[in-house]
Amino acid sequence: MAPSSLREHRTPERPVAVLDVVIPVYNEETDLAPCVRRLHAYLSESFPYPFRITIADNASVDGTLVVARELAEVLPGVDVLHLDRKGRGLALRSAWSGSDAPVLAYMDVDLSTDLAALLPLVAPLISGHSDLAIGTRLGRGSRVVRGAKREIISRGYNLLLRGTLAARFSDAQCGFKAIRRDVADRLLPLVRDTGWFFDTELLVLAQRAGLRIHEVPVDWVDDPDSRVDIVPTALADLRGIWRLATGAIPLTEIRAQLGRAPLTAPTGAIPAGLPRQLLRFAAVGIASTLAYIALYALLRTGIGAQRANLLALLVTAVANTAANRRLTFGISGRRHVARHHLQGLLVFAVGVGLTSGTLALLPRLVAHPPRSVELLVLVGANLVATVVRFLLLRIWLFHHRPTSVSP
């Protein structure tokens, strides 16, 4: 059964809010009033758009709801939303779904994040440049005061997201986020979590739908009285990660409606992403060449030059294709992976032809060439093969990035 909720104390005489800041609370009767008053004063004095503050009380059993109602009576633009069930995600879903503001945000009641970051957070959403925005405690320019335990947990959690869900955002759990209402209307029905994993699930869905996520480095001071129960929260997060990693998510329609189209280069211009691709391809190529030289030198002590060259090329070619697929051309997941490796082996055959032909030609030019000359000539042949490989990878193998990524 869905929880009951009631939004109270709307003030129709005020201008329609551009920004609705939701503060989810549970048993915060002591801290609620000073924090909301501080936020209200800041928005009134420094925020250039009409605003609303929504206190979302999810089943508090102390005097939180009474305090929230008292604040709504004396502070213009403060609403109260009461829910009869706990869950931060549930509170945010209910508050955002019932809001008429074009930009929706939330922050923790302790106001750990410096409020000066609020306008940079929501400005790209108001302008339409971005779809979601998050504060990050892990980005360049962020200034954070917190204990080593929470620092390790936060960084470990975000590394886990990168490794398991290919997350590209830097800080999933910072309590300082915003979203455009039209985006929320389409994403919220897909978010299943009602607790602390709500943020992460929303961001993963947004990323997979091709939406733009704006990040703002924040100044953040840890609240020593945090109500987060770390062990149950961590277990719930792991269950959520497993569900997203193994389940199918219907994002085709959202991607078609809200996702941003791939960039296309103007005729005659440098293709989008080419400089970055060249740098990454060069890095992969250097690593592959060093691995090839080491393998060739090792194998050459026991077998002939042609066989050593063939085996060293084969091993490094498979690794090279996998690395370029992921790092140079940004393709992850299992879609088309077999086809890409098959085509990579055909590209590998071109390299074999160049290097084997060079080895066959070398004795005709130099009688009994020493191993050092062999290696030097092979390095030169590999450089030529590398240029050819990049052109074939870009034009033939990875000329079209898939529009969806396998979980």
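The values are calculated or read from the model by the stated rules, or taken from the named source; none is laboratory data. Quick caveat: nothing in here was measured; it's all calculated off a predicted structure. In this analysis, Cβ positions are derived from the backbone assuming ideal geometry, glycine residues included, and neighbour counts consider all displayed protein chains. Side chains included, ligands, DNA and RNA excluded: accessible areas come from the protein's heavy atoms. Shrake-Rupley method; radii C 1.70, N 1.55, O 1.52, S 1.80 Å.
This table checks each residue for (1) farther than 26 Å from L362 by Cα; (2) among the charged types (D, E, K, R); (3) open to solvent by 30 Å² or more (accessible area, probe 1.4 Å); (4) modelled with pLDDT under 75.
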position: R260; (1), (2), (3), (4): yes, yes, yes, yes
position: G268; (1), (2), (3), (4): yes, no, yes, yes
position: L278; (1), (2), (3), (4): yes, no, yes, no
position: A287; (1), (2), (3), (4): no, no, yes, no
position: L311; (1), (2), (3), (4): no, no, yes, no
position: R326; (1), (2), (3), (4): yes, yes, yes, no
position: H336; (1), (2), (3), (4): yes, no, yes, yes
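Would you say A367 is out of contact with any strand residue (DSSP E or B) (no Cβ under 9 Å at 6 or more places or on another chain), open to solvent by less than 50 Å² (accessible area, probe 1.4 Å), modelled with pLDDT of 75 or more and not hydroxyl-bearing (S, T, Y)? Spelling it out, it is not the case that A367 is out of contact with any strand residue (DSSP E or B) (no Cβ under 9 Å at 6 or more places or on another chain), open to solvent by less than 50 Å² (accessible area, probe 1.4 Å), modelled with pLDDT of 75 or more and not hydroxyl-bearing (S, T, Y). Are any of the residues in segment 57-77 within 30 Å of the chain's Cα centre (by Cα) and either open to solvent by 10 Å² or more (accessible area, probe 1.4 Å) or over 24 Å from R143 (Cα atoms) (or both)? Checked segment 57-77: at least one residue is within 30 Å of the chain's Cα centre (by Cα) and either open to solvent by 10 Å² or more (accessible area, probe 1.4 Å) or over 24 Å from R143 (Cα atoms) (or both). Within segment 110-123, the set of residues being open to solvent by less than 20 Å² (accessible area, probe 1.4 Å) and in a helix (DSSP H, G or I) comprises L115, A117, L118, L121, V122.
Of all residues in segment 74-109, those that are of a type in the set (F, W, Y) and either under 12 Å from N58 (Cα atoms) or assigned to a strand (DSSP E or B) (or both) total 1.
Pairing each residue of segment 276-288 that is in contact (Cβ under 8 Å) with a residue 12 or more places away in the chain and on the phi < 0 side of the Ramachandran plot with any residue that is aliphatic (A, V, I, L, M) and in a helix (DSSP H, G or I), provided the two are 6+ apart or on different chains, yields C-beta distances under 7 Å for R280/L327; V284/A323; V284/L327; S288/A319. Of the residues making up segment 194-209, those that are out of contact with any strand residue (DSSP E or B) (no Cβ under 7 Å at 6 or more places or on another chain) and open to solvent by less than 30 Å² (accessible area, probe 1.4 Å) are G195, F197, F198, T200, E201, L202, V204, L205, A209.
Pairing each residue of segment 342-366 that is without any contact (Cβ under 8 Å) to a residue 40 or more places away in the chain with any residue that is assigned to a loop (DSSP other than H, G, I, E, B), provided the two are 6+ apart or on different chains, yields C-beta distances under 6 Å for L362/P369. Please work out which residue is modelled with the highest pLDDT, limiting yourself to segment 214-253 and to residues that are assigned to a helix (DSSP H, G or I) and farther than 22 Å from L190 by Cα. That would be P232.
Of the set (1) closer than 22 Å to I286 by Cβ; (2) at pLDDT 75 or above, all apply to L362 but (1). Checking each residue in segment 134-159 for being out of contact with any Phe, Trp or Tyr (no Cβ under 9 Å at 6 or more places or on another chain) and of a type in the set (A, V, I, L, M) picks out L138, A148, I152, I153, L159.
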